[in-house]
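Chemist: Quick one: structure below, then a few questions.
The values are calculated or read from the model by the stated rules, or taken from the named source; none is laboratory data. Note that the coordinates shown come from a computational prediction; the quantities given were computed from them, not determined experimentally. Ideal geometry is used to build each Cβ from the backbone, glycine not excepted, and the neighbour counts take in all protein chains shown.
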Amino acid sequence: MNIISGLIQNYFYFASIVIFLIGTHVMLTHSNLIKKIMGMNIMETGIFLFVVSIGYIRGGSAPIVPIDGRGVRFINPLPSALILTGIVVGVSLTAFALSLVIELYKYYGTTDSDEIMEMRRRER
Amino acid sequence: MKLHRIGVAILIVILSVTLAGALAELPSVEQRTSTSQLTRRVIDGGLQDTGALNLVSAVLFDYRAFDTLGEATVIFAAVAGVVMLFYQAPLHPSSIGLSMLAKRSLDSIGPFVFLAGMYVVLYGHISPGGGFQGGVILATLTILISIVYGLETERRLLDPTFKTTLESSAALLFMVIAFGGILTGEYFLSNLSAGFPRGEAGSLLSAGSLAPLNAAIGLKVGAGLALIFYSMVKREPE
């Protein structure tokens, strides 16, 4: 029961686990390469949600210092900055993976990884 | 095939149980009050150390600027890979674009998209945003042009060679600013301690090297994403 009450308190983490597992499932069960890339992106989203929610504080505001210097509670800016890096790397990875899929489609005429493996086996 | 499915199901169950068990042990939102020393240092001393109001930008372009250089390198590698893969692909000849209505609509919103992108890039150190976010907005402009007006117009307006040059020179600008720290006897990517002007907090020309670094990253990301899109769509559909 400890786990369940812990998960209800940390519902951000729970949601990120669910998103991560959906992504993993999509990546492992679909043979279409474009769907695999979508699954990878969903997995990334789960990780981003997890790391950003680590830095969240209830009632905290975005970490931008007001000019008049009022005391405000800020959320932790470090996970946000880290995840900015992560998003950019994710975009680069997606772009390169998609262009590789385009080249594969040009060569094999399909984006299905099972069919591509079958063709390669026959080629050999 | 059947075995594969069962294996995946078992893996998902094991993963979910271990992840849920581990994450349930983490402190909940109510117990977190951001008392780690590093966070205190950034939140309390960020404005003093960097002169930037936006603490995320302060972390990204001052405390962890070296990481940002690596991140820019990742984008550079991705752009280089995509452009190399499609280098010899011919330009799709019949891209004439959408209807007159869509073209006139883009005429009226295009300048504002550009303005919004430049605003997000140049004010990255004092308001939400920064080089990466603004660069993406700038890249959407070229994507809009190539969808609405057709690729040929986009290529005439913004030559791919020009975009490549822009991306490389933005990367060079970043390196020049970074070496400016060494020239003044400080470290690589030093900001205020290397003599970059602090300015008045909250004004456009403040926070030393943060604003030019933001601008360099913005141009680099904008040109890079535009190049990726251009390279991926330019080949003939089969």
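Chemist: Restricting to the stretch A:1-36, and then to whatever is within 11 Å of chain B (Cβ to nearest Cβ) and touching an Asp or Glu at 6+ places or on another chain (Cβ under 7 Å), can you tell me which residue is farthest from A:L104 (Cα to Cα)?
Modeler: A:G6
Chemist: What residue, among those in the stretch B:150-167 that are closer than 20 Å to B:A80 by Cβ and among the polar types (S, T, N, Q), is surrounded by the most Cβ atoms within 10 Å (Cβ to Cβ)?
Modeler: Here the answer is B:T164.
Chemist: Report yes if some residue within the stretch B:105-113 is of a type outside the set (D, E, K, R), within 27 Å of the chain's Cα centre (by Cα), modelled with pLDDT under 85 and surrounded by fewer than 14 Cβ atoms within 10 Å (Cβ to Cβ); otherwise report no.
Modeler: no
Chemist: Right, next: Tell me whether the stretch A:3-16 contains one or more residues that are modelled with pLDDT under 90, surrounded by 17 or more Cβ atoms within 10 Å (Cβ to Cβ) and under 30 Å from B:Q48 (Cβ atoms).
Modeler: Taking every residue of the stretch A:3-16 in turn, none turns out to be modelled with pLDDT under 90, surrounded by 17 or more Cβ atoms within 10 Å (Cβ to Cβ) and under 30 Å from B:Q48 (Cβ atoms).
Chemist: Here is a list of conditions, (1) more than 30 Å from B:L53 (Cα to Cα); (2) touching a residue at least 24 places away in the same chain (Cβ under 8 Å); (3) of a type in the set (G, A, S), and B:A80 meets all of them except one; can you say which number that is?
Modeler: For B:A80, the exception is condition (2).
Chemist: So A:G46 clears everything in (1) within 30 Å of B:G134 (Cβ to Cβ); (2) out of contact with any Phe, Trp or Tyr (no Cβ under 6 Å at 6 or more places or on another chain) except one condition, right? Which one?
Modeler: Here A:G46 meets the rest and fails (2).
Chemist: B:N214: within 21 Å of the chain's Cα centre (by Cα), within 14 Å of chain A (Cβ to nearest Cβ), more than 20 Å from B:V83 (Cα to Cα) and of a type in the set (S, T, N, Q), yes or no?
Modeler: Criteria met by B:N214.
Chemist: Which residues, taken from the stretch B:15-27, are in a helix (DSSP H, G or I) and over 11 Å from A:T24 (Cβ atoms)?
Modeler: Across the stretch B:15-27, the qualifying residues are B:V17, B:T18, B:A20, B:G21, B:A22, B:L23, B:A24.
Chemist: Follow-up question, since we're still on this one. Would you mind stating whether A:G109 is over 24 Å from B:A58 (Cβ atoms), of a type in the set (G, A, S), more than 13 Å from the chain's Cα centre (by Cα) and surrounded by fewer than 17 Cβ atoms within 10 Å (Cβ to Cβ)?
Modeler: Working: over 24 Å from B:A58 (Cβ atoms): yes; of a type in the set (G, A, S): yes; more than 13 Å from the chain's Cα centre (by Cα): yes; surrounded by fewer than 17 Cβ atoms within 10 Å (Cβ to Cβ): yes.
Yes; evaluated as a whole, the condition is true for this residue.
Chemist: Follow-up. Go through the stretch A:55-81 residue by residue and tally those that are in a helix (DSSP H, G or I) and either surrounded by fewer than 19 Cβ atoms within 10 Å (Cβ to Cβ) or within 8 Å of another protein chain (Cβ to nearest Cβ) (or both).
Modeler: 4
Chemist: Got a number for residues in the stretch A:13-35 being out of contact with any Leu (no Cβ under 9 Å at 6 or more places or on another chain), outside any loop (DSSP other than H, G, I, E, B) and in contact (Cβ under 8 Å) with a residue 40 or more places away in the chain?
Modeler: Residues flagged as out of contact with any Leu (no Cβ under 9 Å at 6 or more places or on another chain), outside any loop (DSSP other than H, G, I, E, B) and in contact (Cβ under 8 Å) with a residue 40 or more places away in the chain within the stretch A:13-35 amount to 1.
Chemist: Inside the stretch B:64-95, can you point out the residues that are modelled with pLDDT under 85 and of a type in the set (S, T, Y)?
Modeler: Those that are modelled with pLDDT under 85 and of a type in the set (S, T, Y): B:Y87, B:S94, B:S95.
Chemist: Working carefully through the options B:I143, B:I147, find the one that is surrounded by fewer than 20 Cβ atoms within 10 Å (Cβ to Cβ), in contact with a Gly (Cβ under 8 Å, 6 or more places away or on another chain) and of a type in the set (V, I, T).
Modeler: The unique qualifying residue is B:I147.
Chemist: Shifting gears a bit: Is there a residue in the stretch B:170-181 that is surrounded by fewer than 17 Cβ atoms within 10 Å (Cβ to Cβ) and among the small types (G, A, S)?
Modeler: The first filter runs over the stretch B:170-181 and keeps only residues surrounded by fewer than 17 Cβ atoms within 10 Å (Cβ to Cβ), leaving B:172, B:175-176, B:179.
Within this subset, residues satisfying the condition of being among the small types (G, A, S) are none.
No, there is no match, as no residue in the stretch B:170-181 is surrounded by fewer than 17 Cβ atoms within 10 Å (Cβ to Cβ) and among the small types (G, A, S).
Chemist: Would you confirm, using the coordinates I've provided, whether B:G51 is on the phi > 0 side of the Ramachandran plot and either within 7 Å of chain A (Cβ to nearest Cβ) or not polar (S, T, N, Q) (or both)? It would help to see each step written out before you state the result.
Modeler: On the way: on the phi > 0 side of the Ramachandran plot: yes; either within 7 Å of chain A (Cβ to nearest Cβ) or not polar (S, T, N, Q) (or both): yes.
So B:G51 fits the description; yes.
Residue-wise test of (1) in contact with a Cys (Cβ under 6 Å, 6 or more places away or on another chain); (2) more than 28 Å from A:G39 (Cα to Cα); (3) free of Cβ contacts under 8 Å to residues at least 60 places away in the same chain.
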site: A:I64; (1), (2), (3): no, yes, yes
site: A:F74; (1), (2), (3): no, yes, yes
site: A:P79; (1), (2), (3): no, no, yes
site: A:L93; (1), (2), (3): no, no, yes
site: A:A97; (1), (2), (3): no, no, no
site: A:L100; (1), (2), (3): no, no, yes
site: A:K106; (1), (2), (3): no, no, yes
site: A:S113; (1), (2), (3): no, no, no
site: A:R121; (1), (2), (3): no, no, yes
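Chemist: Test of understanding: among B:S193, B:S203, which residue is within 30 Å of A:V65 (Cβ to Cβ), at the interface with chain A (Cβ under 10 Å from one of its Cβ atoms), surrounded by fewer than 20 Cβ atoms within 10 Å (Cβ to Cβ) and of a type in the set (S, T, N, Q)?
Modeler: B:S203
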